[in-house]
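Okay, so here's the structure we're looking at.
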């Protein structure tokens with residue numbers, strides 16, 4: 001047959017010759033026969049199983065759902081000593097070598113078929129601890145994933161050179177005394193740190209912490225970690241409130257012009273008033289019981305967890321608090337130290353916490369786990385944690401599974417940041433993983449941030465955690481003066497203020513603040529002009545090839561597609577104008593990015609330095625000199641001495657997002673930016689361009705994120721959405737999603753929403769098109785726009801549909817089990833199309 005094909009390729013003279021010569025069939029067959037004869041002639045090495053516990057329970061790195069189980073393999077006698085639980089191994093499965101872990105040894109197996117032997121011990125070092133294995137199983141069950149997917153996230157890839165590096169001797173128990181002043185400003189803060197020192201207690205404290213603005217959150221987290229890792233923490237007395245101040249605050253409250261202004265029950269200024277309905281410590285009687293917390297997954301608060309005064313009530317004016325001992329007089333508690341783990345969103349927060357922990361506990365007492373360290377350094381630090389060389393571990397999302405020995409404290413900073421959501425299957429969230437670890441090990445937990453999420457409010461409502469908030473008088477003293485562009489007085493002065501992107505109030509505030517220091521300008525969108533529309537009919541400008549949105553990368557660039565990267569040369573609008581084809585060929589900007597904003601501010605504020613922090617150029621710090629710092633959310637640099645003012649632009653862009661968490665996310669971004677501004681007493685001001693009557697704006701003006709979180713929690717409970725419900729998001733082709741829904745055996749209380757079509761840009765097409773756009777012009781004709789192409793209709797098998805399945809929170813385990821079962825059936829049937837499953841996705845919209 002091969003000879004015939006070779007003859008046919010000669011064909012007519014016009015046919016193209018074969019580029020790759022064909023192999024000689026008889027010679028190749030002879031070589032294959034010789035290799036097979038050598039293998040058959042080679043005597044097979046006889047292998048004997050281990051004398052004791054000859055069977056090994058193995059978890060394999062297999063992505064198929066129906067193979068998510070434990071397999072039994074025989075342990076050869078020569079591997080008996082090294083094949084211990086937790087080591088990496090390699091076995092033969094379905095004719096291929098597959099990696100895995102040994103999770104146990106046993107004397108007998110229930111399997112009646114033929115057994116395979118372990119092929120290789122990749123490393124004799126046990127890297128999978130029992131605690132991480134149990135946690136991985138719990139996370140897989142919680143998120144309807146496979147154990148192999150979770151272990152891929154929990155155990156980093158092996159680096160042989162790092163394993164050969166000898167461990168460095170270090171003092172795992174730092175004895176440096178610490179001043180716990182950062183927690184003195186919070187109600188119950190001293191008691192929280194004191195409870196952390198009871199490391200051997202059965203149940204340690206768990207708290208949801210709302211951090212004060214213009215304070216060093218990293219030092220506070222470092223102090224809490226040090227309190228667990230050592231016993232040399234001093235508890236200072238919180239700043240006392242003087243009697244004149246109490247009287248003045250009481251008079252201000254009594255003379256308030258707003259009769260409906262809420263009263264803060266936790267404020268020492270109003271000790272005799274009744275409880276405030278916005279107090280996060282009070283239960284909400286309107287919460288639906290059907291979507292309440294699952295008591296089986298939580299622990300009730302024990303009566304002796306906190307000392308007197310830890311219930312969150314502020315000291316009365318007529319009560320005196322005993323003075324705390326000085327650092328010289330304090331005697332540390334003689335209790336064993338325990339491990340501490342803290343997770344932050346990004347590398348900039350990690351650098352701040354690293355510096356603070358070094359200052360608090362001294363160098364050499366903690367390690368950093370982050371992808372930016374590189375595989376060798378990260379694996380070396382991970383091994384130090386595994387061996388117990390250090391007790392304090394900090395890192396980004398990938399460190400949530402760090403094998404900290406005797407874990408006694410877990411903390412997460414800014415849990416509302418979407419960087420805490422793992423983008424790989426089974427898509428766990430750092431907050432949920434850390435809470436599962438705290439529940440399983442009895443460790444203390446701290447969920448902190450400048451804002452409070454609905455999940456944090458739900459933990460407080462269920463009494464699983466305690467609220468750590470400052471007194472309202474302290475909040476008012478620390479927060480900057482916050483104003484909105486839609487105030488009535490500004491509308492009377494400038495009728496166009498509500499519609500202007502930079503109203504008169506913002507200009508006046510920025511000009512006055514530039515005399516005292518830098519001014520922060522937060523822009524929600526990156527780039528230059530990320531959204532375009534036809535200048536005639538106002539229809540969104542779309543790509544003629546893939547129907548993706550068009551954008552401008554600079555003021556002199558041609559519009560291009562945001563999905564496929566193709567230039568939009570010769571673009572014509574296909575919309576209708578007065579029942580006639582529009583045909584417009586010019587654009588208008590629907591959204592202005594950070595680059596365009598920097599250009600406009602540079603022309604408006606002459607002789608003022610404009611600094612941009614966004615995209616690939618993110619600054620860490622800026623000096624205390626007059627400058628306009630234009631940044632996107634999350635990229636705001638820290639100013640030495642704090643910003644003199646901040647302008648929060650395009651509030652409508654954040655609030656109008658199609659997302660269930662749009663209001664919560666907008667408030668989080670605003671508070672994170674406003675927290676970098678000086679306090680109101682030091683002249684700090686913030687102007688937000690948004691409608692003042694909206695709930696997120698009101699929470700920002702009053703600096704009351706807890707009130708907004710409790711309101712958000714109540715609204716989501718009425719609508720049956722997380723965190724008071726469990727939601728499974730199924731995304732895939734229409735036929736795959738329909739098949740998945742048919743296979744699901746859901747409880748009676750389940751609700752199915754959809755499926756509906758969703759727009760998801762395909763990264764492979766986008767990369768290919770951008771690579772094609774960068775090809776050099778071999779004819780030397782320069783850059784020439786491509787001819788417009790007719791819109792391409794996407795085939796039905798490439799379209800994506802999404803369905804939401806929601807159940808009450810108490811049935812979350814049943815929902816995850818049903819989804820896993822359906823995924824296993826489709827995997828066993830070798831379904832061609834995939835279905836992506838996300839449990840409680842961060843974005844629902």
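The values are calculated or read from the model by the stated rules, or taken from the named source; none is laboratory data. This structure is a prediction, so every number in the text was calculated from the model and none was measured. Neighbour counts run over all protein chains shown; Cβ positions are idealised from the backbone, glycine included.
Here are some notes:
- Test result for residue 446, farther than 27 Å from residue 217 by Cβ, in contact with a strand residue (DSSP E or B) (Cβ under 7 Å, 6 or more places away or on another chain) and either assigned to a helix (DSSP H, G or I) or not assigned by TED's automatic domain parsing to the domain that holds residue 593 (or both): no
- Residue match in region 465-483 (condition: in a loop (DSSP other than H, G, I, E, B) and within 25 Å of residue 601 (Cβ to Cβ)): yes
- Top-ranked residue of region 670-684 - restricted to ones that are closer than 12 Å to residue 478 by Cβ and touching a helix residue (DSSP H, G or I) at 6+ places or on another chain (Cβ under 9 Å), ranked as surrounded by the fewest Cβ atoms within 10 Å (Cβ to Cβ): 681
- For residue 86: the one exception among (1) surrounded by fewer than 18 Cβ atoms within 10 Å (Cβ to Cβ); (2) assigned to a loop (DSSP other than H, G, I, E, B): (1)
- Restricting attention to region 605-627 and to residues that are farther than 20 Å from residue 516 by Cβ and either assigned to a strand (DSSP E or B) or at pLDDT 95 or above (or both), the residue that is nearest to the chain's Cα centre (by Cα) turns out to be 614.
- Pairs with Cβ under 7 Å, 6+ apart, first in region 666-682 and in the same structural domain as residue 215 (by TED's automatic domain parsing), second modelled with pLDDT under 95: none
- Positions within region 126-156 being out of contact with any helix residue (DSSP H, G or I) (no Cβ under 6 Å at 6 or more places or on another chain), assigned to a loop (DSSP other than H, G, I, E, B) and more than 19 Å from residue 67 (Cα to Cα), in sequence order: 126, 127, 128, 129, 155
- Options 750, 690: the member that is more than 30 Å from residue 471 (Cα to Cα) and touching a strand residue (DSSP E or B) at 6+ places or on another chain (Cβ under 7 Å): 750
- Here the helices (runs of 4 or more DSSP H) wholly within region 628-727 that include at least 1 residues being within 20 Å of the chain's Cα centre (by Cα) are 651-655, 662-674, 705-719.
- Criterion: modelled with pLDDT under 90 and either over 30 Å from the mean Cα position of the chain (by Cα) or outside the structural domain of residue 614 (by TED's automatic domain parsing) (or both) - qualifying residue of 477, 496, 512, 457: 496
- Residue match in region 212-228 (condition: in contact with a helix residue (DSSP H, G or I) (Cβ under 8 Å, 6 or more places away or on another chain) and at pLDDT below 65): no
- A Cβ distance below 9 Å, combined with a sequence gap of six or more or placement on separate chains, defines the contacts here; from region 217-231, residues that are not assigned by TED's automatic domain parsing to the domain that holds residue 367 and outside any helix (DSSP H, G or I) reach no residue that is modelled with pLDDT of 90 or more and surrounded by 24 or more Cβ atoms within 10 Å (Cβ to Cβ).
- Matching entry among 139, 150, 208 (being under 21 Å from the mean Cα position of the chain (by Cα), closer than 30 Å to residue 811 by Cβ, at pLDDT 85 or above and in the same structural domain as residue 229 (by TED's automatic domain parsing)): 208
- For region 382-403, the candidate set comprises residues that are out of contact with any helix residue (DSSP H, G or I) (no Cβ under 7 Å at 6 or more places or on another chain) and in a helix (DSSP H, G or I); within that set, the residue that is surrounded by the fewest Cβ atoms within 10 Å (Cβ to Cβ) is 387.
- Any hit, region 576-594, residues being within 24 Å of residue 652 (Cβ to Cβ) and in a helix (DSSP H, G or I): yes
- Residue 580 meets all of the listed conditions (1) surrounded by fewer than 18 Cβ atoms within 10 Å (Cβ to Cβ); (2) modelled with pLDDT of 85 or more; (3) touching a strand residue (DSSP E or B) at 6+ places or on another chain (Cβ under 8 Å) but one, namely (3).
- Test: residue in region 524-533 that is out of contact with any strand residue (DSSP E or B) (no Cβ under 7 Å at 6 or more places or on another chain) and closer than 29 Å to residue 213 by Cβ: yes
- Qualifying residue in region 356-370 (condition: touching a helix residue (DSSP H, G or I) at 6+ places or on another chain (Cβ under 9 Å) and without any contact (Cβ under 8 Å) to a residue 12 or more places away in the chain): yes
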